[in-house]
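The values are calculated or read from the model by the stated rules, or taken from the named source; none is laboratory data. Remember, predicted model here, so these are calculated numbers, not experimental data. Here the Cβ is made from the backbone with ideal geometry for all residues, glycine too, and neighbour counts use every protein chain on show.
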Amino acid sequence: MVLSSRLLLRCVLAVLALLLALPVLTVLFSWAQWNTESGDILGEMARTVLPDYVGTSLLLCVLVSVGVVSMGTVSAAAVTLFDFPMRRSFEWALLLPLAMPAYVVAYAYTDYLQFSGPLQTTTRETFGLQGRVFPEVRNVWGAACVFTLALYPYVYLLARTALSERANHLMEAARLLGAPLSRRILRVALPLARPAIAAGTALALMETLADFGVSSYFGIQTFTAGIYKAWLVMDNRIAAAQLATLLLVVVVILLAAEQRAQSRLRFSSTSVDRHGTESQPLKLHGVSAAVMWMICMLPVLCGFVLPVIFMFRALLQGDGLLDLPWSRFVQWSLTSVSLGGITALLAVGAALLLAAQARLHPNWLTRQVTGVVSLGYAVPGAVIVVGLLLPVGWVQATWPQSGVGFWLTATVLGLVWAYLVRFVAVALQSVQSGYARVPASLDDSARMLGTSGFSLVRRVHWPLLKKPVATATLLVLVDVMKELPATLVLRPFNTDTLAVMAYQLARDERLGEAALPSLALVLVGLLPVILLSRTLRRH
């Protein structure tokens with residue numbers, strides 16, 4: 001009986017791994033099916049659009065890397081190494097841009113800075129100027145600024161964690177040895193944070209390459225926009241699969257760099273006396289304190305406060321709040337919450353199954369399945385869409401009466417599947433972090449008392465995992481509500497979410513109406529940011 005239950009569980013894990021890995025395997029398999037037609041298509045793209053996709057994506061990655069490293073590292077060093085007015089407030093306020101989807105930041109700044117926006121209009125009227133006063137924001141440089149403002153918290157968060165462990169002690173030791181402040185920062189503090197900075201930058205670049213909303217709205221030729229155009233505009237599945245494969249290769253390289261950087265992180269496990277003189281950050285006064293205050297205020301102002309103000313302005317202008325589509329907004333919200341709730345429950349259930357199996361029976365199969373699931377979050381939504389729709393086309397061509405296409409495109413089944421491929425990893429990471437805090441001695445004690453298997457999970461582990469499970473549910477819910485590329489392509493007819501409607505209304509230059517779902521997404525995004533900031537304050 002025990003053997004049969006274990007065999008059944010292993011079969012379930014294998015099926016789960018196959019379902020979550022199928023989109024990536026499909027994309028890779030489509031590339032392996034090389035023939036004359038696919039070679040001709042790739043050659044044609046190499047002569048026409050592919051250089052633009054590669055050049056634009058590369059330039060965007062370089063600019064975003066410089067931006068997030070500069071903004072994230074400087075702000076992390078400021079709040080960790082120095083003491084100045086409002087430093088404690090900035091420690092959590094610098095995380096607020098995480099609540100802003102990049103495409104919402106793009107809508108907000110475009111509305112305010114465009115030719116007919118209030119800034120250029122007021123400037124022309126004030127100084128009697130003609131034509132465009134400020135340069136166009138819808139280009140690669142504008143997109144890089146948007147991504148920098150939205151994604152620098154990845155670098156800030158990891159760099160701050162690395163610096164807060166031992167930087168102050170080592171800087172104090174360097175001061176006693178006669179090193180000036182600049183040398184202590186450049187030669188002592190920043191080398192400690194170098195792996196963390198590299199890991200945060202890799203995460204930011206993966207988000208940049210996976211984005212569709214900003215690149216499509218700004219009209220720049222990135223890989224994600226090219227995949228969307230090849231599939232839906234040109235109706236060329238082979239070209240979409242080839243672009244998806246190239247993008248997947250780049251993401252895998254970035255993921256390997258991020259994991260290598262994470263493996264090099266070393267944090268002190270010893271207790272630090274936070275009230276001792278050595279561990280205290282350097283007290284600043286006067287101009288120095290004002291400069292540090294401005295350094296920390298600028299990212300918060302540009303990455304969160306101003307976009308929210310701009311969206312509220314767009315919301316309030318025109319004929320008033322009563323003319324906004326409030327009834328449709330309620331429907332969009334319910335659709336987003338229901339899709340997020342369904343996905344969150346399924347993702348957390350799968351994560352609990354995997355984490356419990358890894359705890360009770362750590363074998364080769366469990367490690368491989370966990371590794372496959374953990375990679376899902378790094379795969380861009382556009383690649384997942386191609387990986388799901390390609391086999392649908394193959395099955396429909398072979399068995400036209402199978403109905404597979406209907407179930408995956410005319411219902412929410414395909415959409416939830418795509419969500420699970422991306423976001424089970426988020427739930428798994430949270431549940432595994434909870435398991436890391438459950439001592440193995442509890443399992444040994446429970447087994448001595450006759451409790452084992454999933455009875456041990458239910459009676460011993462579950463009461464200790466309620467908070468991590470709640471956190472995982474919240475994170476998956478919010479991520480699903482903000483997901484745009486997969487939702488835009490796979491949603492059934494008349495199934496609109498807040499993210500989709502924000503994109504479509506902004507694309508139609510109806511920014512006043514787009515502000516309503518955009519602000520709702522920001523409000524929802526604040527929930528995990530508040531949770532994260534509370535966790536950091538406890539540590």
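Tabulated values for the structure
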{"quantity": "Qualifying residue in the stretch 308-327 (condition: buried (at least 22 other Cβ atoms within 10 Å of the Cβ) and out of contact with any Leu (no Cβ under 8 Å at 6 or more places or on another chain))", "calculated": "yes"}
{"quantity": "Residue among VAL133, VAL105 that alone is modelled with pLDDT of 90 or more and surrounded by 13 or more Cβ atoms within 10 Å (Cβ to Cβ)", "calculated": "VAL105"}
{"quantity": "Failed criterion for LEU321 (all others in (1) of a type in the set (A, V, I, L, M); (2) at pLDDT 90 or above; (3) more than 20 Å from ARG422 (Cα to Cα) hold)", "calculated": "(2)"}
{"quantity": "Qualifying positions in the stretch 370-414 - under 18 Å from the mean Cα position of the chain (by Cα) and not polar (S, T, N, Q)", "calculated": "VAL373, LEU375, GLY376, TYR377, ALA378, VAL379, PRO380, GLY381, ALA382, VAL383, ILE384, VAL385"}
{"quantity": "Pairs, first on the phi < 0 side of the Ramachandran plot in the stretch 71-99, second modelled with pLDDT under 90 and of a type in the set (Ser, Thr, Tyr), C-beta under 6 Å, six or more apart", "calculated": "THR80/SER164; TRP92/SER533; LEU95/SER533"}
{"quantity": "Elements of type helices (runs of 4 or more DSSP H) in the stretch 341-451, at least 3 residues being closer than 24 Å to LEU8 by Cα and without any contact (Cβ under 8 Å) to a residue 12 or more places away in the chain", "calculated": "364-374"}
{"quantity": "Per-region count, the stretch 83-112, residues more than 26 Å from the chain's Cα centre (by Cα) and among the aliphatic types (A, V, I, L, M)", "calculated": "1"}
{"quantity": "ARG491 basic (Lys, Arg), surrounded by fewer than 22 Cβ atoms within 10 Å (Cβ to Cβ) and within 18 Å of THR409 (Cβ to Cβ)", "calculated": "yes"}
{"quantity": "ARG124 part of a helix (DSSP H, G or I), surrounded by 18 or more Cβ atoms within 10 Å (Cβ to Cβ) and more than 33 Å from the chain's Cα centre (by Cα)", "calculated": "no"}
{"quantity": "All helices (runs of 4 or more DSSP H) inside the stretch 26-121 with 2 or more residues being in contact with a Phe, Trp or Tyr (Cβ under 7 Å, 6 or more places away or on another chain)", "calculated": "50-81, 102-113"}
{"quantity": "Whichever residue in the stretch 496-512 is modelled with pLDDT under 85 and in contact with a Leu (Cβ under 9 Å, 6 or more places away or on another chain) and, among such residues, is surrounded by the most Cβ atoms within 10 Å (Cβ to Cβ)", "calculated": "LEU511"}
{"quantity": "Which numbered condition SER215 misses (of (1) of a type in the set (Ser, Thr, Tyr); (2) under 26 Å from LEU243 (Cα atoms); (3) free of Cβ contacts under 8 Å to residues at least 12 places away in the same chain)", "calculated": "(3)"}
{"quantity": "Pairs where the first residue, in the stretch 6-29, is at negative phi and the second is part of a helix (DSSP H, G or I) and aromatic (Phe, Trp, Tyr), C-beta under 8 Å, 6+ apart", "calculated": "LEU19/TRP417"}
{"quantity": "Members of the stretch 428-473 that are under 28 Å from the mean Cα position of the chain (by Cα) and basic (Lys, Arg)", "calculated": "ARG437, LYS466, LYS467"}
